[in-house]
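Everything below concerns the one structure shown next.
No lab work stands behind these numbers, since they all come straight from the coordinates. This is a predicted model, so every value here is computed, not measured. Positions of Cβ are backbone-derived with ideal geometry, glycine not excepted, and every protein chain shown enters the neighbour counts.
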Amino acid sequence: MTTDTWNLSLDLMAVTSRSGSMELLNQSWNSLLGWDVEDLRGRRFARLVHPDDLPTAKSAFRHVMSTPVSNPVEFRLKHNDGSYRWFAWTASGHENRIFATGRDVTERREKDAALATAQEALRQSQKLDMIGQLTGGVAHDFNNLLAAIRSSLELARRRLSSESDAARYLNNAVAAADRGAGLTQRMLAFARKQELHFDSVEVQRLLPDLKDLLQRSLGPQIDLIFDIPEDLPTVLVDTNQLEMAILNLSVNSRDAMDGSGRLSFSAREFSDAGGSDMAAGKYVVISVADTGCGMDAETLERAFEPFFTTKGVGKGTGLGLSMVHGLAAQSGGAFRMESVAGKGTTAHLYLPVGDGEPDSVEIEGGSHGQSREPRGERLLTILTVDDDLLVSMGTVGMLEDMGHEVLEASSGDQALDIFAERPDIDLVITDQAMPKMTGVELAKALRVRRQNLPIILATGYADLPEGAGGEVSAKLDKPFSESSLRAALASVTETANSAI
């Protein structure tokens, strides 16, 4: 039997001659594939096989006259309506005829494909989660280094004349440390560890309000198009972070369009039954579509990874899309992208529908790094707890420069020992991530000894354990400036005084 004269049947069952034409067929050809049996009789079987599957089918049946096809071979046959269905075939040859039986496995193939898609989505989610954990850990350690650098720079700057050359260099170094702090915040955003302040946001108001800012940022060669319905429900998200995410997506699109093109913003309601990256519920999806160069599948797969960028050296950090991904995930939504090389990219940001009431994830009484001048500052006895000597030295130096008496501990256990020996301690400043005993665990132990003790948690993380708000008086974001430290001290001392 030659490769151009092979043929089959279905059982669906068919008997074909060695010439390749179909001779005997059962009625399953009609019920499964919609073909009238008489219309098929005498036609070549190969003409019903999907073109992509012809090599597989021909290879399987090339030697069927001498070697039966006992292990089912799967390929697609054409339905009368033009679609294709999958069949698993076995066959044997006898007296110049081929006897073949095909079993419809379309449903099983579709389930296998759906399972493979779900497994791939799960692997991608696990990959991003692993990268997020690594990024969050790196950002935390980097925050500690920045905290030590910034506090040392401020202490040095206080000891120099503001008009000296050295002071100008120190000012530049402080500015660089602040830029580094901004970088770590974007890393923590990807790791879902940045601090969010949730608001009920009207997307139909926020997006048009950003038009002037976007136009100034992107340039006159970018045409902005908005298609936002007026009847959208509110979404629950951090307003500032959402604006930053929209700006990041827009800047990426501008770069992909080489500074000239069309950028479209749209929004719609969306209901999801739940999947690997999003819980079941109602959402508003914000879409940002550009007419840029697009991405191939390999680039799109890596697009969310921190520090991955297709831009040139010095033109991007690779944290823009990862920050958007982190914001979406931490807000209870999802971030997805569609892109075709040469045809542009569309980013979809899914945000959960809110109930109209703003929420907050702030720790009660926290200063969150905001600077304000303290009122009635008094000298205190302060216990600082940090396992990083460099960070501790900077914090102690700033506190001593303010005139406070400072006691140092490098662990929770050592802090408890010092606290037991010094009943005159007015306030405790502790790191969160420490071995054996975290800052929150230390706070709980200290509260047992003195209920109204002011405790400041200094950390770069935002996702504190449940119940931390009842143990911690204020949160101080690392790296912090002297003014932020003063504000945190003032906040907790005023609260403590008012409670007396």
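Annotations for the structure displayed:
- Relative contact order (%) - the stretch 17-114, alpha-carbon pairs under 8 angstrom, separation at least six: 23
- In order along the stretch 225-236, phi translates into HN-Hα couplings of 10, 10, 10, 10, x, 7, 9, 6, x, 6, 10, 9 Hz, rounded to whole numbers, per the Karplus curve 6.51 cos²θ - 1.76 cosθ + 1.60 with θ = phi - 60° and x for Gly and Pro.
- Relative contact order of the stretch 198-352, taken over Cα pairs closer than 8 Å and 6 or more residues apart, is 23 percent.
- Per-residue ³J(HN,Hα) for the stretch 206-219, Karplus 6.51 cos²θ - 1.76 cosθ + 1.60, θ = phi - 60°, Hz, x for Gly and Pro: 5, 5, x, 5, 7, 4, 4, 4, 5, 5, 5, 6, 8, x
- Rounded, prolate or oblate (a/c below 1.5 giving rounded, otherwise prolate when a/b exceeds b/c) for the stretch 13-104 by Cα gyration tensor: oblate
- Scalar couplings 3J(HN,Hα) for the stretch 142-149, obtained by applying the Karplus form with A = 6.51, B = -1.76, C = 1.60 to θ = phi - 60°, are 5, 4, 4, 4, 5, 4, 5, 5 Hz; x denotes Gly and Pro.
- Among the listed pairs 343/478; 211/343; 111/282, those beyond 31 Å (Cα-Cα): 343/478
- FRET efficiency, 1/(1 + (r/R0)^6) with R0 35 Å, evaluated for residue 302 and residue 262 via beta carbons: 0.85
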